[in-house]
Amino acid sequence: MTAAQEEHRWLAAEYALGVLQGERLQQARRRYAMEPVFRTDVDAWQEQLAPLQEDVQPVEPPDSVWRQIEQRVFERVTAPAPTLAEKLSFWRALSAATTAFAVVILLVLLVTPESALRPPASAPATLVASLNSSAGKAMFVATLDVKRLEMRVRRLPVAAHAADQVPELWVIPADGRPRSLGVIQGAAGARIAVDPAMQKLFQDGVVLAISLEPQGGSPTGSPTGPIPWTGALYQL
Amino acid sequence: MSGLGQDQVSSLDRLIERVALGDRDAYRTLYDRSAGKLFALCLRILADRHDAEEALQEAFVKVWNKAALYDAERANGMTWLSALARNQAIDLARTRSGKPVVAEDAEEVEATAPGPMSMALRREQGARLEACLAELEGMRRQAVQQTYLAGWTYQQAAEALDVPLNTVKTWVRRSLLALRECVAR
């Protein structure tokens with residue numbers, strides 16, 4: 001085994017142990033975020049090493065720490081229950097940046113040969129959304145062709161989830177009740193035909209969300225799993 | 001085992017799940033139950049008390065934001081919380097030592113499920129690990145435990161234990177290997 005391979009082999013254990021720094025630490029974080037196998041490996045090491053901290057006796061932090069946490073977490077929240085609705089208003093607030101990013105992605109989509117056959121971008125009836133993680137990273141891009149009632153969802157390569165889960169796309173209009181648009185089966189994305197009865201829901205700024213569901217999609221008609229990705233749909 | 005008993009451990013898991021639903025009372029209770037331990041872990045890594053307070057604060061804000069990604073089948077609640085706190089403290093320690101790391105949200109991506117592992121099995125493994133640790137000889141055990149608790153780099157461990165860098169690296173890696181083999185057998 002070469003020295004480089006040897007270092008590589010130890011990355012998960014050493015990330016869990018906490019000895020990494022600089023480039024190797026960054027590399028471990030990238031891989032933790034992107035590679036399920038690596039993540040599982042790190043988590044297993046963390047679990048194995050956890051007994052090492054059992055002798056550490058608790059030390060009460062000063063009250064000021066909780067006050068600051070409370071301020072940071074709750075003061076930007078206006079709704080009483082910061083669940084889905086809270087996340088969504090957060091995303092509406094970030095819509096400007098999101099839209100700018102989505103426009104760039106859409107331009108990329110439009111120069112692909114397949115897209116070139118479609119009507120020019122000046123056609124009014126196109127809406128676009130970038131669905132981002134809570135850290136602001138774009139994971140999916142959705143474009144809705146209002147005329148053809150077709151939603152195209154492109155999955156960016158960084159979007160990761162468990163193999164036994166399937167992403168399901170939802171539209172969440174002003175009433176706050178999510179309606180399923182369908183599951184995204186393909187590795188690269190999906191084309192979803194939109195039910196004409198739902199057309200009126202697609203107002204400028206309407207929120208899209210992707211939840212992770214068991215194979216076949218949500219069994220209840222509402223999101224049952226975590227909702228890692230959200231974004232607002234805007235007219236171009 | 002010192003610290004949290006079995007019922008408290010499993011209720012940490014449930015508290016995190018309630019936090020994921022936006023339950024502020026659960027968030028407060030979770031803080032009350034875990035902050036002392038997490039603060040102590042941060043203090044081991046960051047000598048400066050204010051730095052440790054900052055790390056705890058950052059970590060706990062992440063708890064709120066990432067609770068939905070927590071999967072009780074995959075990680076013990078306390079392990080999940082302490083990984084967040086330790087990562088935050090290590091970041092700050094590396095920054096303080098003049099080798100900043102780019103802040104990146106590694107934990108935010110959705111979990112993969114390696115298959116369910118019951119709490120009972122995990123606890124059994126914990127006990128097993130303790131027995132395995134006891135098998136390691138003095139300096140090696142110290143190298144692993146100190147490195148882990150202090151959040152040392154290999155360089156810092158070598159200086160603190162006053163042995164060459166390669167020696168400490170070899171000790172730690174052999175110990176990790178021995179631990180894994182011992183836990184597996």
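What's the number of the condition A:S64 fails, among (1) within 30 Å of B:R49 (Cα to Cα); (2) modelled with pLDDT under 90; (3) among the hydroxyl-bearing types (S, T, Y)?
Of everything listed in (1) within 30 Å of B:R49 (Cα to Cα); (2) modelled with pLDDT under 90; (3) among the hydroxyl-bearing types (S, T, Y), A:S64 misses just condition (2).
Restricting attention to region B:21-33, and to residues there that are within 9 Å of chain A (Cβ to nearest Cβ) and buried (at least 19 other Cβ atoms within 10 Å of the Cβ), which single residue is nearest to the chain's Cα centre (by Cα)?
B:Y31
Do we find that A:G176 is more than 30 Å from A:R31 (Cα to Cα), in contact (Cβ under 8 Å) with a residue 40 or more places away in the chain and not aliphatic (A, V, I, L, M) in this structure?
Yes: the conditions hold for A:G176.
When the residues of region A:159-180 are narrowed to those that are more than 14 Å from chain B (Cβ to nearest Cβ) and surrounded by fewer than 13 Cβ atoms within 10 Å (Cβ to Cβ), which ends up nearest to the chain's Cα centre (by Cα)?
Among those that are more than 14 Å from chain B (Cβ to nearest Cβ) and surrounded by fewer than 13 Cβ atoms within 10 Å (Cβ to Cβ), it is A:R177.
Quick one: is A:I227 under 14 Å from A:H161 (Cα atoms) and either touching a strand residue (DSSP E or B) at 6+ places or on another chain (Cβ under 6 Å) or part of a strand (DSSP E or B) (or both)?
It is true that A:I227 is under 14 Å from A:H161 (Cα atoms) and either touching a strand residue (DSSP E or B) at 6+ places or on another chain (Cβ under 6 Å) or part of a strand (DSSP E or B) (or both).
Select from region A:200-222 the residues that are surrounded by 11 or more Cβ atoms within 10 Å (Cβ to Cβ), within 13 Å of A:P173 (Cβ to Cβ) and not aliphatic (A, V, I, L, M) and list them in ascending order.
Listed by number, the residues that qualify are A:F202, A:Q203, A:G205.
Under 6 Å between Cβ atoms, at least 6 apart or on separate chains: pull out the pairs that start in region B:41-70 with a residue that is at the interface with chain A (Cβ under 7 Å from one of its Cβ atoms) and end on any residue that is of a type in the set (G, A, S).
B:L41/B:S82; B:L41/B:A85; B:L43/B:A52; B:R44/B:A150; B:N65/A:S134; B:A68/B:A20; B:L69/B:A111
Output the residue which, of all residues in region A:127-153 that are under 10 Å from A:L233 (Cβ atoms) and polar (S, T, N, Q), is modelled with the lowest pLDDT.
A:S130
Residues in region A:187-199: is at least one of a type outside the set (A, V, I, L, M, F, W, C) and buried (at least 17 other Cβ atoms within 10 Å of the Cβ)?
Checking region A:187-199: at least one residue is of a type outside the set (A, V, I, L, M, F, W, C) and buried (at least 17 other Cβ atoms within 10 Å of the Cβ).
Looking at A:L156, A:L149, which is the one that is surrounded by fewer than 19 Cβ atoms within 10 Å (Cβ to Cβ), farther than 23 Å from A:P219 by Cα and within 14 Å of chain B (Cβ to nearest Cβ)?
A:L156
Name the residues in region B:146-162 that are closer than 17 Å to B:A47 by Cα and either more than 7 Å from chain A (Cβ to nearest Cβ) or out of contact with any Lys or Arg (no Cβ under 6 Å at 6 or more places or on another chain) (or both), would you?
Hits for region B:146-162 are B:Q146, B:T147, B:Y148, B:A150, B:G151, B:W152, B:T153, B:Q156, B:A157, B:E159, B:A160.
Scan region A:31-61 residue by residue and report those that are surrounded by fewer than 20 Cβ atoms within 10 Å (Cβ to Cβ), facing chain B (nearest Cβ under 7 Å) and not in a helix (DSSP H, G or I).
A:E54, A:D55, A:V56, A:Q57, A:P58, A:V59, A:E60
The values are calculated or read from the model by the stated rules, or taken from the named source; none is laboratory data. Just so you know, these numbers come straight off a predicted model, no measurement behind them. When we count neighbours, we look across all protein chains shown, and the Cβ atoms used for this are built from the backbone with ideal geometry, even at glycine.
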